[in-house]
Every structure is written in C-alpha cells, then in structure tokens.
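Notes follow once the structure below has been shown.
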Amino acid sequence: MIQERYKLWSEHPYFDNNTHEELKTITDPSEIEDRFYMDLEFGTGGLRGILAAGTNRMNIYVIRKATQGLADTICEKGKSAMAKGVVIAYDSRHYSRRFAQEAALVLAKNGIKVYLFDDLRPTPELSFAVRYLQAQAGIVITASHNPKEYNGYKVYWEDGGQVPPAQADRISKHISARESWVDIEPLTEENARAQGLLITIGEEIDQAYLFAVKSLALYPDLAEQKGANLKIIYSPLHGAGNILVRRVLKELGYTSVFVVPEQEKPDPNFPTVLFPNPEIPSTFDLARQYGERLQTDLLLATDPDSDRLGVVIRNQEGKFVQLTGNQIGVLLAYYLISQKKALGILPPKATLIKTIASTDLADALAIDLGIQVENVLTGFKFIAEKEKELEENGQGDFQFGFEESYGYLAGHFVRDKDGVIAAMLVAEAALYYKQREQLTLPEVLETLYHHYGYYLEDQTSITLKGKEGKAEMERIMAGLRQSEIRSFADLPLERIEDYELQSGVRLCGKSSGETYPLALPQSKVLRYSFSGGGFVMVRPSGTEPKIKFYFSIRGAQPQAVQEKLDQVRSELLTRVSRILGKSLDN
C-alpha cells in the first residue's frame, strides 16, 4: 500500500509538479514509509502535521480531502446548513492563506456558502465570527505554537466551539470513506464569487468582536483615566494578534504600549525565536531588552494564532518575572471573581472551569470564594463544551476558564481560548492592583500562596516521533498502568485515576482499595493525586509527537516544594526509562 500511494502521488497528473519533484528526491525508505503509512488523522480538533507531500503530511491535497469530508457532513444536514455556511480564518504560517482558499473553494464546489477573512486573524475571532454570523461551521488554518515546519486545520461547529466528538467522527468517516485522492476539484474563485458562495469579511467582524471584548472590562473608567500609567510591551511573535490586541488596549485607554519591532510583522519562519511559544522564557528575550530600556511594567506575548498569552511582570524588587500558565489563570480567576463580588455583579451560579492538568490552587480558591468549579479533560474544547452544557441546563453561569498551557477565556461570545481577551484582562488586573492597592501581580500571587499554600507546577515533554514513537507512548501508558505506585518521592498518593479505563482507585484511609467510575469522557490519561493537594499526570499529546508529564506539588515553603517537585519528576522519569529500556531525551 505504501509504495502504491507513493507512486500515485509521484506520477499522477492530479498532483502538481512540485509534489512530484519533492517525492522523487526522497532516498530514505523510512521517510517514504512515514509519509504514506497512514492518512494524517482527523481528530476531535481537526488536523495538524508537518508541511510536506504525502498522506501523513499537511498539503493542499490533504486539506481538500478533509474539507470534502466536512462538506459531506454539512450537506447531510440539508440546504439550511449549506446556506448558513462556513467561516474561514488563517494565521501567518507557511501556506495558511493557500490552505484557507483551497478549503473555501472545495466547500463552494459543494454549494456551501463561505465567509473568508480578508487577511490573517486570531483564532478566537473565528470562534466569535461563527456565532456572530450564525454559521454552520468554521475552519481556522493554524498550528498554534508549533514549530515553523507545521500547519493545521481546526474545525468549529455552529456554537463557535471546536467540532464536538459526534460531528468529528462523522467528518472522519466521510474522509475515510473516500478512497480516491484524485477526484476533488475545487470551484474557481471567479465562479464561487459569481454564485454568491464566497464572501470576504473583515472590519465589520473586527468591530463587533472588539466591542464584545471591551464589554468584559470591570473598570473601564480606571483604564480611561489611568491606563497610560501602565507601561506595556507587546509582541505578536510574528503572528495574527498584532492589530486586534493593540486596538483593544488603545481603545480602552492603555496608550503606553510599545510593540517589539523585530516581531511585529507576520513571518512564517518566526526568525527571532526558537519556537513561537510564549511559554518558553527565551521567547521574551527581545521584549525583556526593550522592557529594561523603557522601564515598563508588563510584557505580553501572544502565539501565532493569538489564542495563548504569555506574561512577564516587573515585581516589587524591580525584576522581571515570567508567570506560568497556572499562575496567570489563578490571578485572573481571583481578580474577576473577587472584584465581581465586591461590585455586586457575581451571579448566583458563578462557575470556574479548568482542566485536570491545571493547578489545584484554583479549586481551593473557587471554593473559598463561594463559586462552583468544574474540572474537564485537557484541551480547551472541553472547557467550551462544559460552558455550553452549563448554559443549556441552567446549572452554572460561566465566569472564567483556563488551562495550564496559557489558555484563558471569559465572557459568552467566544468558545475557545482567547489571547486578545486575556491580554486585556491582564492589563486591567495589573493596572487595578497598581493604582488601587499599590501591588504588583507577583505580590498578589504571594498573598494567595500564604493563604492557600504554596503550589508549584511544572511540565516535562518527551518527543517520540513517527510510527515507533507512537508505539513507545503506548508502552509507557501500559507500563505505568501495570505498576504498583502508592507514592512519589515519599509523598503518599490519595488516589489514582485512569481516564482510559474510566476508573479511579482510592489509596488512603478506610476506603483504600475502593474503586469508582470517572464521569469525564474516555481519554489516554493517568492522574496521580497526592494527599493534601497536588498531582502527577501523564498523557500523550493530541497535537504533537510528545508524551507529557505534569507535576503539581503543594507545600509551605517555596524551596522545599521545588526540591520535592524535582525528586518526584526524577522518580517518574526513571520509571518511564525502565519501561522503555533506554534513557530519555527531553
């Protein structure tokens, strides 16, 4: 099968000359195998892969086939769904515009209306636009914060959230059912426009989206009067956030915003950073240099599709400190909930939603502030799905959601993580504490630690590429599942939860050994919870060739907690190394 596919892609006239030439230059049989041994998998969020020719890569032919699967799913729903249409956005990556155009014209060929953005836009604006235009679905071409060699294809459904499992399965089945790679011909752009099936959108959506974002400000008067006192440096990291992040800050009154010039313009090669990921400290190197020179208070950076936000803040000693995703999430949750309580606008069923990979500090905080807290699987789509569920059932009023990987959301008009909203909220929180309480955000965080205990989180990822890497991840999960683990680094475990088997077991007290069912959907996740708070969690990434290990340790003293976290990590990785029978490279 592999050689037949390779020959088809190398020779058939349906594939362009660049594809033919690229494939014919490959001399390594294992490279051919990796490109053709499978189709790039359409998961619950869509596609993501390396840009290259092949069925297991990202290219226009894979885009066409995936889009035809989406078109078949929409056409099944009838003419009403086809007329509601699909909104398409894209970021600054290689081929993003081309992929967006290919998707648009395949949909148009199927008689489905398409709203295509006139230029790159943040992913969260796509979610907003689906809801605003009452479209049937949405597509955004992005690989988020992955390296430059990657691109992706994310599908959204009519509520503005990522496509739900039932619809994703339907799309996937349509894709799999189409055996041929050479029979999908997009409509021409001229014909699509002439038939009213391709509509360009832009500024109208921008204005509506920014109006909604600004409505989330708790103290707009403070920003208007004192916003210029907060000195901010912002970097879009060569991506899609530049225009809208700057606009929302300026329109609210944050006029002392300096943009890192070397990172301002879109560039698919991300030449100034190792990876365009605001989680990585070196991403802020240029911003820090300008921050020291200009004596700014706050450094902000969004990833290429502007759904994630990284934050570096000047502390009380005048030094820049990078906040983790958990710390940003806790600070924003505390700011929004405590201030809404103070203003008398916190609704009765106020709810915080977070992922099981995110800090337990947020749970303690929520309970203490008298609001509901919901934990969901890793991935922001689960936060959005839970928000929708609470809204439809009247069981909660969503106030804020976050995940440890730098994703945050407030409001009801976007159903995905939103770096534009987060940038605005972080600026407002920093200004509020600076002007009203003479505190920096790190000082606010310290007061929370003193009250609830010191929580320290970290993550280690091991890259395991290709077919062999996928098998190794499965061996790790199976090996850990079969191991008798009751503690890590002498920290006793309270319970172990296996989300693939959808079962938990208690390890402490009179109920030790008792099993219980897990309510969350099935997922390849093992979570070990410590007595007294904190956890270890293991899961293969759904979007990258990595297995991820999450650590959260609670204690009374920062240095002791750090030492304990290092011990826990060392013990777990040693165990994983034994399972694989080799040393690990992370």
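How many residues are within 23 Å of SER405 (Cβ to Cβ) and in contact (Cβ under 8 Å) with a residue 60 or more places away in the chain if we restrict to the stretch 311-357?
20
Just the residues that are in a helix (DSSP H, G or I) and either open to solvent by less than 10 Å² (accessible area, probe 1.4 Å) or touching a strand residue (DSSP E or B) at 6+ places or on another chain (Cβ under 8 Å) (or both), please, taken from the stretch 332-356.
LEU332, ALA333, TYR335, LEU336, ILE337, LYS340
I need a count of the residues in the stretch 362-403 that are among the hydrophobic types (A, V, I, L, M, F, W, C), assigned to a loop (DSSP other than H, G, I, E, B) and touching a residue at least 60 places away in the same chain (Cβ under 8 Å).
Our first condition is that a residue be among the hydrophobic types (A, V, I, L, M, F, W, C); within the stretch 362-403, this holds for 362, 364-367, 369, 371, 373, 376-377, 380, 382-384, 390, 398, 400, 402.
Checking the rest, the ones that are also assigned to a loop (DSSP other than H, G, I, E, B) come to 369, 371, 377.
Adding the requirement that they be touching a residue at least 60 places away in the same chain (Cβ under 8 Å) leaves 377.
Qualifying residue count, the stretch 362-403: 1.
Given TYR61, TYR6, TYR37, TYR14, which one is under 30 Å from PRO271 (Cα atoms) and either of a type in the set (Ser, Thr, Tyr) or touching a Gly at 6+ places or on another chain (Cβ under 6 Å) (or both)?
The match here is TYR61.
Scan the stretch 264-279 residue by residue and report those that are under 23 Å from GLN327 (Cβ atoms) and either among the polar types (S, T, N, Q) or surrounded by fewer than 18 Cβ atoms within 10 Å (Cβ to Cβ) (or both).
Within the stretch 264-279, LEU274, PHE275, ASN277 qualify.
For the stretch 1-119, give me every one of the helices (runs of 4 or more DSSP H) that falls completely inside it and has 1 or more residues that are without any contact (Cβ under 8 Å) to a residue 24 or more places away in the chain and farther than 25 Å from TRP157 by Cα.
So the answer is 2-11, 17-24, 29-36.
State all residues of the stretch 154-167 that are at pLDDT below 95 and open to solvent by less than 20 Å² (accessible area, probe 1.4 Å); if no residue qualifies, say none.
Within the stretch 154-167, just VAL163 meets the criteria.
Which numbered condition in (1) free of Cβ contacts under 8 Å to residues at least 60 places away in the same chain; (2) within 28 Å of ILE345 (Cα to Cα); (3) basic (Lys, Arg) is the only one that LYS214 fails?
(1)
Filtering the stretch 374-425 down to residues that are of a type in the set (Phe, Trp, Tyr) and within 30 Å of ALA223 (Cβ to Cβ), which residue is surrounded by the fewest Cβ atoms within 10 Å (Cβ to Cβ)?
PHE413
Any idea how many residues of the stretch 69-95 are touching a helix residue (DSSP H, G or I) at 6+ places or on another chain (Cβ under 7 Å) and open to solvent by less than 20 Å² (accessible area, probe 1.4 Å)?
Within the stretch 69-95, residues that are touching a helix residue (DSSP H, G or I) at 6+ places or on another chain (Cβ under 7 Å) and open to solvent by less than 20 Å² (accessible area, probe 1.4 Å) number 11.
Specify which of the listed residues (VAL321, VAL312) is more than 17 Å from the chain's Cα centre (by Cα), open to solvent by 10 Å² or more (accessible area, probe 1.4 Å) and β-branched (Val, Ile, Thr).
Going through VAL321, VAL312 in turn, the sole match is VAL321.
Among helices (runs of 4 or more DSSP H) lying entirely in the stretch 404-487, which contain 1 or more residues that are in contact (Cβ under 8 Å) with a residue 24 or more places away in the chain and under 30 Å from TYR132 (Cα atoms)? Walk me through how you get there before you give the answer.
Numbers: elements: 419-436, 441-452, 466-482.
The helices (runs of 4 or more DSSP H) meeting that bar are 419-436.
Restricting to the stretch 120-135, what's the tally of residues that are assigned to a loop (DSSP other than H, G, I, E, B) and open to solvent by 10 Å² or more (accessible area, probe 1.4 Å)?
The number of residues fulfilling the criteria is 4.
I'm told ARG35 meets every condition in (1) among the charged types (D, E, K, R); (2) over 21 Å from SER144 (Cβ atoms); (3) open to solvent by 30 Å² or more (accessible area, probe 1.4 Å) except one. Can you identify the failing condition by its number?
So the condition that ARG35 fails would be (3).
Looking at the stretch 531-575 only, could you name the residues that are open to solvent by less than 10 Å² (accessible area, probe 1.4 Å) and of a type in the set (A, V, I, L, M, F, W, C)?
Correct list: PHE535, VAL536, MET537, VAL538, ILE547, PHE549, PHE551, ILE553, VAL561, LEU565, VAL568, LEU572.
Would you mention how many residues in the stretch 500-528 are of a type in the set (Asp, Glu) and closer than 18 Å to ILE356 by Cβ? If you could, list the steps in order and put the result at the bottom.
Within the stretch 500-528, the first condition is being of a type in the set (Asp, Glu), and the residues that meet it are 500, 514.
Those still in the list that are closer than 18 Å to ILE356 by Cβ too: 500.
Adding up the residues that qualify gives 1.
Table: residues versus (1) of a type in the set (A, V, I, L, M, F, W, C); (2) assigned to a helix (DSSP H, G or I); (3) touching a Cys at 6+ places or on another chain (Cβ under 8 Å).
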residue	(1), (2), (3)
ALA228	yes, yes, no
ILE243	yes, yes, no
VAL248	yes, yes, no
TYR254	no, no, no
GLU279	no, no, no
SER282	no, yes, no
LEU286	yes, yes, no
GLN289	no, yes, no
LEU300	yes, no, no
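Out of the residues in the stretch 141-164 that are assigned to a strand (DSSP E or B) and under 15 Å from THR44 (Cβ atoms), state the one that is farthest from the chain's Cα centre (by Cα). Steps first, please.
Restricting attention to the stretch 141-164, the residues satisfying the condition of being assigned to a strand (DSSP E or B) are 141, 150-157, 162.
Next cut, under 15 Å from THR44 (Cβ atoms) only: 152-157, 162.
Numbers: GLY152: 12, TYR153: 13, LYS154: 11, VAL155: 13, TYR156: 14, TRP157: 17, GLN162: 11 Å.
Ranking the qualifying residues of the stretch 141-164, first place goes to TRP157.
Does ALA217 qualify as being at pLDDT 95 or above, surrounded by fewer than 22 Cβ atoms within 10 Å (Cβ to Cβ) and within 25 Å of the chain's Cα centre (by Cα)?
yes
Is it the case that TYR234 is in contact with a Phe, Trp or Tyr (Cβ under 8 Å, 6 or more places away or on another chain), part of a strand (DSSP E or B) and not hydrophobic (A, V, I, L, M, F, W, C)?
yes
Mind checking which residues of the stretch 200-212 are in a helix (DSSP H, G or I) and touching a helix residue (DSSP H, G or I) at 6+ places or on another chain (Cβ under 8 Å)?
If the condition is that a residue be in a helix (DSSP H, G or I) and touching a helix residue (DSSP H, G or I) at 6+ places or on another chain (Cβ under 8 Å), then ILE205, ASP206, ALA208, TYR209, LEU210, ALA212 are the ones that fit.
Just to be sure I understand, how many residues within the stretch 168-199 are within 28 Å of ASP307 (Cα to Cα), part of a helix (DSSP H, G or I), in contact with a strand residue (DSSP E or B) (Cβ under 9 Å, 6 or more places away or on another chain) and open to solvent by 40 Å² or more (accessible area, probe 1.4 Å)?
0
Please determine whether any residue of the stretch 497-509 is open to solvent by 20 Å² or more (accessible area, probe 1.4 Å) and within 21 Å of SER570 (Cβ to Cβ).
Checked against the condition, which is being open to solvent by 20 Å² or more (accessible area, probe 1.4 Å) and within 21 Å of SER570 (Cβ to Cβ), the stretch 497-509 yields no hits at all.
Among the numbered conditions (1) of a type in the set (D, E, K, R); (2) open to solvent by less than 20 Å² (accessible area, probe 1.4 Å); (3) at pLDDT 95 or above, tell me where GLU457 comes up short.
(2)
The values are calculated or read from the model by the stated rules, or taken from the named source; none is laboratory data. Every value quoted in this text rests on a predicted model; they were computed, and no experiment measured them. Note that each Cβ is placed from the backbone with ideal geometry, even for glycine, and that neighbours are counted across all protein chains shown. Note: accessible area is taken over every heavy atom of the protein model, side chains too, but ligands, DNA and RNA are not part of it. Shrake-Rupley method; radii C 1.70, N 1.55, O 1.52, S 1.80 Å.
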